[in-house]
Every structure is written in C-alpha cells, then in structure tokens.
Amino acid sequence: MDNQKILVLRLSAVGDVIRTLPAVKAIKKNFPSASITWIVEETSKALVESQPEVEEVILFPRQRWSEGIRALKGWRTIGEVRTFIQSLRRKKFDLVLDFHGILKSGLLSFLSGSPQRIGYDRRSSKEGNFLFSNKKVKLPKERISRFERNFYLLKGMGLEVQPEDYPLFIPAEDRGYVNSFFNQLFPPLKSPSIAIHPGTSPKTLYKRWLPDKYAQLADQLVHELKATVLFTWGPGELEWVKMIQRRMKESSVLGPHTISLTQLGEVYRRCDLYIGGDTGPMHVASLMGIPVVVIYGPTDPVINGPFGPHKKVIKNVGCNPCRDRSCKELKCLKEIAVDDVFKATREVLAEKRGQATF
C-alpha cells in the first residue's frame with residue numbers, strides 16, 4: 001500500500017461519516033505514505049476536511065444536481081456530472097473503498113476507473129451495489145455495530161485491525177474557542193462533569209427521551225452525585241434544552257454555541273461522561289475518549305452502538321427496534337425510568353474511577 005492513492009466513499013449522513021472515521025484513521029496509521037481522498041456530501045464536508053489523515057475532500061453535489069433536474073436544467077446537470085467523473089478519473093486512484101454500499105456509491109466507485117474496488121457482498125449492500133466492486137467483503141451473520149462493519153471492509157485490502165483508540169482530531173482554533181468558554185465559567189466545572197445532549201435532528205424526533213425525565217435525571221445527578229451538568233445543543237435544539245433547564249430544581253450549565261462537530265467534541269473532551277440518545281453527538285463523544293450512557297428507544301442498540309466504553313439503557317417493549325418514524329406512542333422511550341439512566345451513569349463513573357460504588 002506504500003504511496004497508493006486511496007478513494008473513500010461514504011457520502012451522506014453525518015452520523016455514518018463519523019462512524020467511518022476510525023477505519024480511515026486506521027488506514028493512515030498502518031500505511032502513512034498512502035494518500036487518502038474522500039468523497040462526501042455538503043453536510044459532512046467540514047468535518048472530514050478537519051481530519052489530518054485525509055489529504056483531499058471532494059464534494060459530491062447531490063442536492064445541486066437534484067435541484068437542477070427538477071428545474072428542467074437537465075443538460076447543464078449532465079454536463080456537470082460528466083466533468084465531475086472526468087476529474088475523478090484523472091486522479092488515477094489505485095484503490096477505492098466503498099463504505100456506503102448503495103447504488104450511487106457503487107457507480108462512483110466504478111466510474112473512478114480504479115483497478116481495485118472494494119465493497120460489501122450482495123447480502124451486505126443495497127441497490128445492486130455489489131455489482132460495481134471487484135473485491136467483495138463478507139460480513140458476519142450476526143448484527144454488528146457500524147464501527148465494526150467499517151473495520152471489516154479493511155480486510156479487503158489485507159488490513160486486519162481491531163477498533164481501538166482513533167480519536168477525533170480537534171483543530172487548534174476549535175480548542176481555543178471552547179477553552180475561552182470554560183475559562184469564563186463561574187463557578188468552574190467540578191468533577192464529575194456530565195454532558196447531556198437531549199436533542200436530536202428535526203427528522204429524528206422519535207429518538208428523544210422525555211424532557212421531564214431529562215430534568216429529573218439532571219437534578220438527581222446534581223443532588224446525589226454532586227455533579228456539574230452541562231447541556232449541549234445543536235441547530236434548532238436550544239429552546240428544547242432551555243425548557244428542560246427551566247423544569248429543573250438544581251442549577252445546570254448551558255453549553256456554548258458550537259458551529260462544528262469538532263468544537264462539540266472538544267466540549268465533550270472536557271467532561272467526565274456523556275448522556276444522550278442515539279445521535280451524531282453521541283458518536284462524537286464516544287470518539288473523544290469519555291464513556292457514554294446511551295438511551296435507546298426505537299433504534300437498534302447493536303447496530304448503533306458507540307465506539308468506546310459505554311452503558312446502553314433500553315427497554316424491550318415488543319416492537320423495538322423499529323423504523324417507524326411516525327410513531328406517536330413511543331412506549332420504548334416512555335418505559336425507560338430516570339432511575340434506569342441514573343444507575344447506568346453511576347456504574348460508568350464507578351468503573352472509570354476504579355471504585356465499587358460512586
């Protein structure tokens with residue numbers, strides 16, 4: 001693999017891009033002279049560009065092309081696609097790793113002109129993606145996490161490594177921004193400091209635990225563990241978090257406005273533990289070397305498991321895991337008690353401190 005040019009395909013969904021990063025970092029660690037290029041969509045571009053293991057990031061403008069077709073500008077869009085493919089082929093990649101496993105990633109892999117195209121086999125890919133790979137990786141029959149799935153693909157290039165410590169890289173300017181926030185806090189954070197991210201993206205509201213329960217949990221953490229609770233939030237989540245804070249009896253800290261996942265990761269790095277649902281921020285926290293407590297509702301706790309040390313809180317109510325985004329009952333989340341999450345949190349903190357109890 002010395003000096004080879006490698007193309008990585010994992011196009012969309014920030015959470016899935018985050019879960020691909022450790023595998024890509026493992027490639028660079030084992031083959032430091034290899035050059036890695038990554039094709040992503042707009043939502044993940046800034047994150048991938050911030051990681052030093054990736055030499056080049058290519059934007060796949062799916063949204064612009066889709067809008068062009070809808071606006072009856074098909075010929076112009078076709079011209080853009082042709083130029084994009086020609087530019088890709090001129091880079092003469094030696095190897096493509098298709099972590100995405102769908103039709104559009106398969107087409108990009110094939111059209112790149114690379115002689116080695118590694119992807120998943122028929123059972124583990126979708127939309128006929130396996131047809132575009134000339135080296136197919138077979139996954140185990142049992143369910144595995146997305147992190148493990150991505151590490152399995154590396155076997156196609158002869159690299160067998162265990163998911164270990166591959167932390168998210170935080171640029172200096174992001175460390176400085178977060179540091180200024182913590183320096184201005186009064187009183188300062190005291191241990192144990194616990195980050196809670198109660199929000200989710202607008203498309204995944206069905207993953208949100210109840211606000212009253214988050215408020216009760218935070219109160220219990222402050223009262224019984226003498227913890228500092230810091231709430232983090234993303235776009236469209238600020239009022240949700242403030243509502244939870246208003247329902248608390250104890251005081252808590254509102255985290256800073258972060259404009260990137262690396263800034264958010266630096267916030268988590270300053271904390272002792274993270275609590276939240278199955279979201280992108282949870283995976284960011286798991287890459288920052290702090291343990292996480294994950295509250296699972298309808299999503300699969302195995303497939304969506306975090307990277308490092310963790311506790312999963314889930315109640316099997318007979319219908320979960322499921323993919324019913326329109327569900328209004330959310331029994332799987334309502335059945336999870338505050339004490340369930342508090343107990344998991346106390347156990348994780350005890351393990352971290354090497355104590356039998358906390």
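Couple of notes before you dig in:
- DSSP H segments from the chain that extend 15 Å or more along their own axis, Cα-based, with Kyte-Doolittle mean of 0.5 or above: none
- Residues 138, 25, arranged from fewest to most other Cβ atoms within 10 angstrom of their Cβ, appear as 138, 25.
- Rg/Rh for region 25-130 stands at 0.98; both radii use Cα atoms, and Rh follows the Kirkwood definition.
- Measuring against 32 Å, Cα to Cα, the residue pairs 242/343; 45/92; 249/352; 104/242; 141/331 contain 104/242 as the ones spanning a longer distance.
- Simple label model, 7 Å out from Cα along Cβ direction - residue 259 to residue 182, nm: 2.2 nm
- Fluctuation leader among 188, 115, 298 - the chain, Gaussian network, Cα springs under 10 angstrom: 188
- Taking amide H as placed 1.01 Å from N in the peptide plane, residue 120 has its amide H under 5 Å from the amide H of 137, each at least 5 places away in sequence or on another chain.
- Comparing 317, 348, 293 in a Gaussian network model of the chain where C-alpha atoms under 10 Å apart are linked, the largest mean-square fluctuation is found at 317.
- Trypsin sites (Lys or Arg not before Pro) restricted to DSSP loop in region 26-96 with at most 16 other C-beta within 10 Å: 73, 91, 92
- Euclidean distance between Cα centres, region 14-61 to region 217-234, Å: 34 Å
- Cα convex hull, the chain: 156 Å³ per residue, rounded to a whole number.
- Cα-based reach from residue 312 at 18 Å (exclusive), listing aspartates and glutamates while leaving out same-chain residues under 8 positions away: 148, 272, 278, 300, 335, 339, 340, 347, 351
- Residue order, fewest to most beta carbons within 10 Å, for 152, 296: 152, 296
- Computed [θ] at 222 nm, deg cm²/dmol, the chain (DSSP H ≥ 4; -39,500 (n - 2.57); rounded to nearest 500): -12000 deg cm²/dmol
- Cβ-Cβ FRET estimate between residue 250 and residue 30, R0 fixed at 30 Å, reported to 0.05: 0.05
- Ranking of 153, 264, 111, 185 by count of other Cβ atoms within 10 Å, fewest first: 185, 111, 153, 264
Values quoted throughout were computed directly from the atomic coordinates according to the rules given, and no laboratory measurement underlies them. This one's a predicted model, so the numbers in the text were calculated from it and none came from an experiment. Heads up, the Cβs are rebuilt from the backbone with ideal geometry, glycines too, and the neighbour counts pull from every protein chain shown.
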